[in-house]
Amino acid sequence: MSITDEALVERFPGQPITHDNAEHYRGRLRRQLLMNRCAECGRWHAPPRPVCPECWSFDIEATPVQGDGTIFMAIFLHQGPPAPGVDYAVPYPVVTVELDEQPGLRFTSTVVGADNDAIRIGKRVRLGWIDRAGAPVPVFELTEVAL
Amino acid sequence: MTDSMRNTMKNHVAIAAAATTGFVAKNSGRSQTSLAAQAAIDVIRAAGLSKNDIDGLCGSWPGTHELQSALGLPRLTWSGNPMIPIVDHIATAAAAVHAGLCETVLVYHAAYRAAWNTGSALKDPFRRIATPGLTEPQPGPDTMAAGVGYTGWASRYIHEFGVKREDFGIVALNARANAARNPHAAMRTPMTMDDYLNARMIREPLCLYDMDVAVDGGDAFIVTTAQRARDLALPPALINAAVLGQVAPNEEDQTVSLRANGQQVVVDILKAKSDFWIDDIDVYFPYDGFTPITLNWIENAGWCKPGEAGEFLREHWDADEGRVLIDGRIPVNPHGGSLSEGATQASGHIREAVHQLQGLAGERQVPNAQRALITAGGFFFNAQGLSLCTE
């Protein structure tokens, strides 16, 4: 059961929702991380586009990813935009993760449940979910807890 | 795909004059249009022109329609509103001149402290009105988009090469030392490495001094044919080559690597199309909106190997001058760059290059400067290059 475009925008205030990425946000409501995959050539791409950059097919499917991957970039915000439950007293981690589905396919979010010292480029992560302002947000967790 | 090496406008179009209002890191009490207008009037007068001579107008903020009316420019046959940084404006204006869409373009850029730049800018009610989208709900912090992306790639740079914060710091120190020689610069107080290392972290691993400084102020340029420029008041700075380099993908978090982005396109093409390269220049302007951009430009341009730019700058630090002089002679962003003159999206870099080639750089003047190289913009969708020379 899919919610209307109007309701979707209300659930994600401030997010730049378009015709091209709306399915990704609908997936979030089901706690599914959807990335675009070409139904013709099978290549993944991000962020969501209306056409496959590889083969120019418009037959694109928002498809669940496993969410396992490796941290590619890692930063810690000492200040940043207001967000519920984020106060930056402890610097807020933001990571770009290279997903196992395809080399170069990346998704950016935060890491939960780990000390900042343990959040490093090259660490393995898996997908998790938190709630923010009543909407699920895809996040990452370290696969192995640092000793 | 084979890169085209066409460059039919080489040395046929010139920057005939450049002018600035100077920059302040505080609310000026003026509008963006006021700053742009002042720089524009100064540059038209410096070139020995009048408002009737301007038939092309090129800038982003304010829009050309607004500045045309503010200045009462009677008739334009071409105008353009390109994207920052400002090599885009110079290249687009030059192309319009060379193609015959117009003859004499006023190019302008007004830097303006937007309400989201600083707490004090937010307190100015006129700035709040002038900052689009300020009252809209904002997306959360879980993104590498916009300026944050440079911090992400800084983390990657540290990871790949094991460099220390001092490597970023020397870029900031050089900028500040140069700004001390520039009366138009916003930040002229001397800075030490301890000052840098102790500065407030903003987005770790980058601190306050790794980021350019939000300012009020404007720059303006006259772009016209080399032939026309020769008859004007100042010696022309000829446009030898210009490149706007871009690769796909170019989003901040999808960009392939520090060695596979728009900077490589700029370097490959500018090197091939220009009559000179780094060994033959007198002054160098690598962009410095964030310090890691500067280090990567220095490496990608070929001054040193990947990961070695910090060491390169230390080796070429001139202790007597207290700043970088490559091979004892080539200053790097002698005006102080975006880090210390002010965040001008490279209009400051281009203006200083023109003034150096015209012999107008005051205390910063490189003796007999004849060739300047500008590598502007960052890694993603905004890498740009411009080579300028005297007659």
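What follows is calculated from the coordinates using simple rules that are stated; it is not laboratory data. These figures come from a predicted structure and were not determined experimentally. Counting neighbours? That spans all protein chains shown, and the Cβs are built from the backbone with ideal geometry, glycine included.
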Note: probe point = Cα of B:Ala233 + 7 Å toward Cβ; backbone nitrogen < 19 Å; residues of segment B:332-368 passing the test are B:351-362
So for chain B, using the alpha carbon gyration tensor with a ≥ b ≥ c as root eigenvalues (a/c under 1.5 gives rounded; past that, a/b versus b/c decides prolate or oblate), I'd call it rounded
Per the 1/(1 + (r/R0)^6) rule, R0 = 45 Å and r from the Cβ atoms of A:Asp5 and B:Leu208, FRET efficiency to 0.05 is 0.60
For segment A:1-83, listing chymotrypsin sites (Phe, Trp or Tyr not before Pro) in a DSSP loop whose Cβ sees at most 12 other Cβ atoms within 10 Å gives A:Trp56, A:Phe58
In this structure, the FRET efficiency calculated for A:Ala118 and B:Asp275 from their beta-carbon separation, with R0 = 60 Å, to the nearest 0.05, is 0.70
Mean-square fluctuation maximum in Gaussian network of chain B, Cα pairs under 10 Å, restricted to B:Ala175, B:Ala93, B:Ala46, hits B:Ala46
Averaged over the residues of B:142-150, the number of partner chain Cβ atoms within 10 Å of each residue's own Cβ comes to 5
Note, B:Thr131: beta-carbon cut-off 13 Å, +1 each Lys/Arg, -1 each Asp/Glu, net +2
Calc'd 3J(HN,Hα), segment B:92-98, phi into Karplus 6.51 cos²θ - 1.76 cosθ + 1.60 (θ = phi - 60°), Hz, glycine/Pro = x, comes to 5, 5, 4, 5, 5, 5, 5
Mean other chain Cβ within 10 Å across A:133-141 is 1
GNM of chain A, Cα pairs under 10 angstrom: of A:Pro50, A:Pro81, A:Pro103, the biggest fluctuation goes to A:Pro81
Here segment A:84-96 yields Karplus 3J(HN,Hα) values (6.51, -1.76, 1.60; θ = phi - 60°; whole Hz; Gly and Pro given as x) of x, x, 10, 10, 6, 4, 9, x, 8, x, 10, 10, 9
What one gets for the protein assembly as shown as the Kirkwood radius, inverse of mean 1/r over different Cα pairs in Å, is 24.4
Here segment A:5-64 gives, from Cα atoms, an Rg and Dmax in Å of 11.8, 34
Phi-derived 3J(HN,Hα) across segment B:375-386 with the Karplus relation (6.51, -1.76, 1.60, θ = phi - 60°), rounded Hz, x for Gly and Pro, is 10, 9, x, x, 9, 9, 10, 9, 7, 9, x, 8
Once the in-chain neighbours fewer than 8 apart are removed, the lysines whose Cα is under 21 Å from B:Lys26 read B:Lys123
Here the FRET efficiency for B:Asn52 versus B:Ala146, based on Cβ atoms and R0 = 45 Å and rounded to 0.05, is 0.65
Per DSSP loop assignment and a cutoff of at most 13 other beta carbons within 10 Å, chain A keeps its longest run without exposed trypsin sites (Lys or Arg not before Pro) at A:32-147
Here the net charge surrounding B:Asp327, from other residues whose Cβ is less than 12 Å away from its Cβ (Lys, Arg +1; Asp, Glu -1), is -4
The answer for the net charge of residues other than A:Asp131 whose Cβ lies under 11 angstrom from its Cβ, with Lys and Arg +1 and Asp and Glu -1, is +3
Here the whole-number average of other chain Cβ atoms within 10 Å per Cβ of B:152-164 is 3
Expected max-MSF residue from B:Ile129, B:Ile350, B:Ile330 in the GNM of chain B (alpha carbon, under 10 Å) is B:Ile129
With only helices counted (DSSP H, runs n ≥ 4, each -39500 (n - 2.57)), the per-residue ellipticity at 222 nm for chain A, to the nearest 500, works out to -2500 deg cm²/dmol
Of the listed pairs A:Lys123/B:Lys164; B:Lys273/B:Lys305; B:Lys164/B:Lys305; B:Lys164/B:Lys273, those with alpha carbons more than 26 Å apart are B:Lys164/B:Lys273
